[in-house]
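**Q** Below is the structure I would like to discuss, written out as structure tokens.
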Amino acid sequence: MPFKPLLTQLKPYLRWAILGGTLFFIATTLKDHWQEVVGIQFTAQAWLMVTLAFVVTLMAHVWSGWVWHWILVLFDQPLSGTWSTPVYLKTNVAKYLPGNVWHFVGRVSALQSVGTPTGIAVVSVVMEPLLMAVAALIIACLTGGQLAGIEDQLGGRFGQIAVLSLAIAAVHPRVFNPILQTLSRAKAKAQKLEIATDQKMLRAYPGRALLGEMGFVLLRSLGFIAIVQAFQPLSVTDVQALLAAFSLSWLLGLVVPGAPGGIGVFEATAISLLDAQFPVAIILSGVAVYRLVSVLAEVSAAGIVWLIDLCRSPST
């Protein structure tokens, strides 16, 4: 049996195996530290920090919708940030649906409805999470020196510089275009979409869009840091370690299959990266509250856009 069909058949089971393994790890860790977790008190200051985390996370998603507009500009699509942001926010929650493709379908459909060629629509939507992944890797390399064990795993300072250089070079059009083309064609084929053989690709380095996605990851990181701050005071070194751990955990949650919205993978990675520097109960509480805040922020953003559309629509 050919390798590719076999991999396709195993993919659903692989997703369940990854999700099951990460959830088992989290459940086991929670069982071992249950008494410490329930002993954590929620003070007025803690609630203030959680509220701040919600606001910052909401801002991150709004910002990401605007950055998508910058990606569209790279392909000569005259669509403003006031168009891209509501579409992005409305489709964002669809990533939690089974299949983990409905946010992709929704965005491509929205672009097609305003006359964007299917090929450009697919490429722009595929490019967005790839830039996010590179942005998260860059931030992790810049801050990973404060995270126990990461610098050694990357081969020391030289290894970090090498990975950072590769990440920055990876989005150069000569490297990035073949990757974009391959993934876009695979996505289009999976959704039965036809794209032109002479598909327009990147002509310049997407520096502004990459910086924008770094801003998105930084805002998401600040939300997570605020929640950990709700449970214990943090030093500058702690903040840097949390920034690196969040970036790596969020990156794995993005790229590992079988975890809609990174559920399970993000939490398990954050716990394993941070348990040497922080009490496990703090990290368990932090990732649990952050997941709740993150989903609430995404749902709230979509709800706000829906309400605005409802108010703008003519009465019948």
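**Q** With segment 178-278 as the region, which helices (runs of 4 or more DSSP H) entirely inside it contain at least 2 residues that are without any contact (Cβ under 8 Å) to a residue 40 or more places away in the chain and either of a type in the set (Phe, Trp, Tyr) or in contact with an Asp or Glu (Cβ under 9 Å, 6 or more places away or on another chain) (or both)?
**A** Output list reads 236-255.
**Q** Take segment 92-121 and flag every residue that is in contact (Cβ under 8 Å) with a residue 60 or more places away in the chain and either within 21 Å of ALA297 (Cβ to Cβ) or basic (Lys, Arg) (or both).
**A** Scanning segment 92-121 gives ASN92, VAL93, LYS95, TYR96, LEU97, ASN100, PHE104.
**Q** Now, a different point. Considering segment 51-78 alone, what residues qualify as being assigned to a loop (DSSP other than H, G, I, E, B) and crowded, with 19+ Cβ neighbours inside 10 Å?
**A** Once the filter is applied, which keeps residues that are assigned to a loop (DSSP other than H, G, I, E, B) and crowded, with 19+ Cβ neighbours inside 10 Å, segment 51-78 yields PHE75, GLN77.
**Q** Yes or no: LEU292 in a helix (DSSP H, G or I) and closer than 30 Å to VAL125 by Cβ?
**A** Yes.
**Q** Out of all the residues in segment 105-119, which are in a helix (DSSP H, G or I) and surrounded by fewer than 22 Cβ atoms within 10 Å (Cβ to Cβ)?
**A** VAL105, GLY106, SER109, ALA110, GLN112, SER113, THR118
**Q** Let me ask something else. I'd like the full set of residues that are under 26 Å from LEU130 (Cβ atoms) and out of contact with any Phe, Trp or Tyr (no Cβ under 6 Å at 6 or more places or on another chain), limited to segment 216-240.
**A** Within segment 216-240, VAL217, LEU218, LEU219, ARG220, LEU222, GLY223, ILE225, GLN240 qualify.
**Q** Is it the case that GLU213 is out of contact with any Lys or Arg (no Cβ under 8 Å at 6 or more places or on another chain) and farther than 17 Å from LEU254 by Cβ?
**A** For GLU213, the condition - out of contact with any Lys or Arg (no Cβ under 8 Å at 6 or more places or on another chain) and farther than 17 Å from LEU254 by Cβ - is not met.
**Q** Against the conditions (1) crowded, with 23+ Cβ neighbours inside 10 Å; (2) farther than 30 Å from LEU48 by Cβ, where does SER247 fall short? Just the number, please.
**A** (2)
Values in this text are rule-based calculations from the coordinates and carry no lab data. If you're wondering where the values come from, they're calculated on a predicted model, not measured in any experiment. Because the Cβ atoms are built from the backbone with ideal geometry, glycine has one as well, and the counts that use them run over all protein chains shown.
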